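Structure first, then comments.
The values are calculated or read from the model by the stated rules, or taken from the named source; none is laboratory data. Just so it is clear, the model here is predicted, and its values are computed rather than measured. Here Cβ is always computed from backbone atoms with ideal geometry, including for glycine, and neighbour counts include all displayed protein chains.
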Ligand code: SER
């Protein structure tokens, strides 16, 4: 059962619909209501104001399959993509939400029922974490649900601890937050890794599948926490992780969606080794890039557009590594539409624009890619030590259009790091030289300016004319 990710998505939404939740469409990757956020990075984003009591809906329970990008800002997974089994620039988060309706009891019971009765996951493979002082959550898991005490692990903020777990979730430096309880799946002792809360937790054996946040506070800029008008619930389960479990595989890249994209990329580029890491990077990146363009982001030199440019160029570099001789990235869009099912509605509507934008960016970068790679290769072969100087990284950025993380990605393959402080210094120097000369035409800003970006209201025609119909948001 649920052998495809699309079937799993439908089952989740249907389960919560049966339990009186309103099925709400995924919101855009460009957050409409929040200048503090670069991209939509969690299911709760579109409901932020509802949690805060500043917006009202005609439902108090909701469920979504939310497209998310984590490639900048507080939750940023870009650098890990391709190096781990489950970091992605784009993923879908399945979630259920209570806006002052149910709280801990029902939130925990819904999650457990869905996993163990609907999906029929073996209970002995599951363990949970709770916030260290949350005795109420402990009692519910232990007495009501029947999870043995030794499988309920208390975890705090863990500042300074040797492991990264954190059972207090917050959207950003400000905004809704609260203690959480997380459900983990044990992929088996043949895989290295320890239970959450141990130094070995970063291994691949125990994988967090569902985060249930008990939203209770609104964190202020000065760090104080004001209680929310009503205790609420925000949950998130990465669909790729649960699909991996349901499809009997360990790495997310083995699920149906990624396998289709990997096979298509291999077919286009004539690659036979389907395990090649670059295929995984490309399969990941086409999802974020295609959906970002579908949601109105265009490659550019700043803000969201620059993040998109960085991801496209990283994908193109990996294609080049696999021997691409012509534009290939945009050719993955039809396959993406096929495998994403109902989640691809926006992509279907904008397919021509998305393909055209990806192709144009690839062609533009391809003109300087080979030369830049030659210069980088030369610098690396002459390098003494393990750190590439910031000047070279800046030259690659400035002259050849290499985002610094692309240079870092090439270096990492040879166990070399980039002197990012030196890169920033070279950039600052260039900027002040340009200013002194009265030139303001080059934007050397690779930081994430988002406050003056265009608000996207739709494309004015769907024939590949990427003209945004709209409007500045202040
Ligand atoms: N907001 C929480 C998270 O992103 C639960 O959805 O993990």
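Pull out all pairs, ordered by first then second residue, where Cβ-Cβ is under 6 Å, the residues are six or more apart or on different chains, the first lies in region 175-196 and is over 15 Å from residue 125 (Cβ atoms) and part of a strand (DSSP E or B), and the second is within 16 Å of the ligand (Cβ to nearest atom) and at pLDDT below 90.
177/170
Among (1) under 22 Å from residue 195 (Cβ atoms); (2) more than 16 Å from the ligand (Cβ to nearest atom), there is one condition residue 111 misses while meeting the rest; what is its number?
(2)
Just one of (1) farther than 26 Å from residue 100 by Cα; (2) within 16 Å of the ligand (Cβ to nearest atom); (3) in contact with a helix residue (DSSP H, G or I) (Cβ under 8 Å, 6 or more places away or on another chain) trips up residue 186, so point out which.
Of the numbered conditions (1) farther than 26 Å from residue 100 by Cα; (2) within 16 Å of the ligand (Cβ to nearest atom); (3) in contact with a helix residue (DSSP H, G or I) (Cβ under 8 Å, 6 or more places away or on another chain), the odd one out for residue 186 is (2).
Look through 15, 47 and report the one residue that is part of a helix (DSSP H, G or I), touching a helix residue (DSSP H, G or I) at 6+ places or on another chain (Cβ under 6 Å) and modelled with pLDDT of 95 or more.
Values: 47 fails: touching a helix residue (DSSP H, G or I) at 6+ places or on another chain (Cβ under 6 Å).
Going through 15, 47 in turn, just one is part of a helix (DSSP H, G or I), touching a helix residue (DSSP H, G or I) at 6+ places or on another chain (Cβ under 6 Å) and modelled with pLDDT of 95 or more: 15.
Suppose we filter 323, 319 for residues that are in contact with a helix residue (DSSP H, G or I) (Cβ under 7 Å, 6 or more places away or on another chain) and outside any helix (DSSP H, G or I); which single one remains? Spell out the reasoning first.
Values: 319 fails: outside any helix (DSSP H, G or I).
The unique qualifying residue is 323.
Would region 161-177 turn up any residue that is more than 16 Å from the ligand (Cβ to nearest atom), surrounded by 15 or more Cβ atoms within 10 Å (Cβ to Cβ), modelled with pLDDT under 90 and over 23 Å from residue 92 (Cα atoms)?
yes
Of the numbered conditions (1) in contact with a helix residue (DSSP H, G or I) (Cβ under 7 Å, 6 or more places away or on another chain); (2) surrounded by fewer than 21 Cβ atoms within 10 Å (Cβ to Cβ); (3) farther than 18 Å from residue 367 by Cα, residue 401 fails exactly one; give the number of that condition.
Of the numbered conditions (1) in contact with a helix residue (DSSP H, G or I) (Cβ under 7 Å, 6 or more places away or on another chain); (2) surrounded by fewer than 21 Cβ atoms within 10 Å (Cβ to Cβ); (3) farther than 18 Å from residue 367 by Cα, the odd one out for residue 401 is (3).
Return the pair list, or none, for Cβ contacts closer than 7 Å from residues in region 296-307 that are farther than 17 Å from residue 28 by Cβ to residues that are part of a loop (DSSP other than H, G, I, E, B), at least 6 apart or on different chains.
Between residues of region 296-307 that are farther than 17 Å from residue 28 by Cβ and residues that are part of a loop (DSSP other than H, G, I, E, B), the close pairs are 301/443; 302/443; 302/445; 302/449; 306/300; 306/446.
I want to confirm something. Restricting to region 18-36 and keeping residues that are touching a strand residue (DSSP E or B) at 6+ places or on another chain (Cβ under 6 Å) and touching a residue at least 60 places away in the same chain (Cβ under 8 Å), which single residue is surrounded by the most Cβ atoms within 10 Å (Cβ to Cβ)?
29
Test each condition in (1) within 16 Å of the ligand (Cβ to nearest atom); (2) farther than 26 Å from residue 202 by Cβ for residue 135 and report the one that comes out false.
The number of the failed condition is (1).
Is it the case that region 228-242 has a residue that's assigned to a helix (DSSP H, G or I), in contact (Cβ under 8 Å) with a residue 24 or more places away in the chain and either more than 30 Å from residue 49 (Cβ to Cβ) or more than 16 Å from the ligand (Cβ to nearest atom) (or both)?
no
Among the numbered conditions (1) modelled with pLDDT of 95 or more; (2) farther than 16 Å from residue 89 by Cβ, tell me where residue 258 comes up short.
Here residue 258 meets the rest and fails (2).
Of (1) touching a strand residue (DSSP E or B) at 6+ places or on another chain (Cβ under 6 Å); (2) modelled with pLDDT of 95 or more, residue 39 satisfies all except one. Which?
With (1) touching a strand residue (DSSP E or B) at 6+ places or on another chain (Cβ under 6 Å); (2) modelled with pLDDT of 95 or more applied to residue 39, the lone miss is (2).
Here are the criteria: (1) within 14 Å of the ligand (Cβ to nearest atom); (2) assigned to a loop (DSSP other than H, G, I, E, B). Tell me which single one residue 30 does not satisfy.
(1)
On the basis of being within 13 Å of the ligand (Cβ to nearest atom), at negative phi and touching a strand residue (DSSP E or B) at 6+ places or on another chain (Cβ under 9 Å), does residue 211 make the cut?
yes
Looking at 264, 345, can you tell me which residue is out of contact with any strand residue (DSSP E or B) (no Cβ under 8 Å at 6 or more places or on another chain), over 30 Å from residue 396 (Cα atoms) and buried (at least 21 other Cβ atoms within 10 Å of the Cβ)?
Only one candidate qualifies: 264.
Is at least one residue of region 44-52 under 19 Å from residue 289 (Cβ atoms) and either crowded, with 19+ Cβ neighbours inside 10 Å or within 13 Å of the ligand (Cβ to nearest atom) (or both)? Steps first, please.
Narrowing region 44-52 to residues under 19 Å from residue 289 (Cβ atoms): none.
No, region 44-52 has no match at all.
Being away from the ligand (no atom under 16 Å from the Cβ), touching a residue at least 24 places away in the same chain (Cβ under 8 Å), buried (at least 18 other Cβ atoms within 10 Å of the Cβ) and farther than 27 Å from residue 303 by Cα narrows it down to one of 60, 98, so name that one.
60
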